[in-house]
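Undergrad: Quick one: the structure is below, and I'll ask about it shortly.
No value in this document is a laboratory result; all are computed from the given coordinates. None of the values given here were measured: they were computed from a predicted structure. So basically every Cβ, Gly included, is an ideal-geometry build from the backbone, and we count neighbours across all protein chains shown.
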Amino acid sequence: MSRIFTEKLLVILGYRAEFASNGATGLELFAPGKYSAILMDLHMPRMDGLEVTRKIREIEAGTGSHVPIIALTANVIPGNREDCFAAGMDDFISKPFRREELVAKLARVPMR
């Protein structure tokens, strides 16, 4: 699913979204307490979603904060889900996803 579609869907659902063009930029944008949730693409240039997630969890360590990270991936291969959870992600959505699926996942996240 394209970034533009996801962004429009999030706006329709009442969320404010910020996007990063690559994993390194995503990590630069992160700060504990800044986001209610992160939708993390697994395949990004410069740094993949697993590495970004591990680094976010390192930053959060000792701060008492924990932002839910939901994996988004088009390439669901055996072990993908387990790799995501091992890296510190909280949930998983395979692309293309249905609107209802994203709504259900985000409904579990307390929004700030």
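Undergrad: What is the dipole size for the chain, taken about its Cα centre, with +1 at each Lys and Arg Cβ and -1 at each Asp and Glu Cβ, in debye to the nearest 20? Walk me through the numbers before you get to the answer.
TA: Numbers: 15 positive and 14 negative charges, 70 e Å.
It works out to roughly 340 debye.
Undergrad: Spin-label point model (7 Å from Cα, Cβ direction): what's the ARG54 to PHE85 distance in nm?
TA: 1.9 nm
Undergrad: A further question on this structure: For the cross-link pairs LYS8/LYS105; LYS34/LYS95; LYS34/LYS55, which exceed 20 Å when the distance is taken from alpha carbon to alpha carbon?
TA: Flagged as over cut-off: LYS34/LYS95.
Undergrad: Give the residue list of trypsin sites (Lys or Arg not before Pro) in segment 1-107 that are DSSP loop and have at most 10 other beta-carbon atoms within 10 angstrom.
TA: Filter output for segment 1-107: ARG16, ARG98.
Undergrad: For segment 1-66, with the dipole built from +1 on Lys and Arg beta-carbon atoms and -1 on Asp and Glu ones, taken about the Cα centre, which of LEU9, ALA61, PRO32 lies farthest toward the positive end?
TA: Value: LEU9.
Undergrad: What is the local net charge at GLU60, summed over the other residues whose Cβ is closer than 13 Å to its Cβ (Lys, Arg +1; Asp, Glu -1)?
TA: Value of the local net charge: +2.
Undergrad: Could you list, bin by bin from short to long, the percent of Cα-Cα pairs of the chain in 10 Å steps?
TA: Taking all Cα pairs of the chain, the binned fractions are 14, 50, 34, 3 percent.
Undergrad: Follow-up. For the chain, what is the calculated [θ] at 222 nm in deg cm²/dmol (nearest 500), taking -39500 (n - 2.57) for each run of four or more DSSP H residues and dividing by its residue count?
TA: Numbers: 5 runs with 46 residues, N = 112.
It lands at -11500 deg cm²/dmol.
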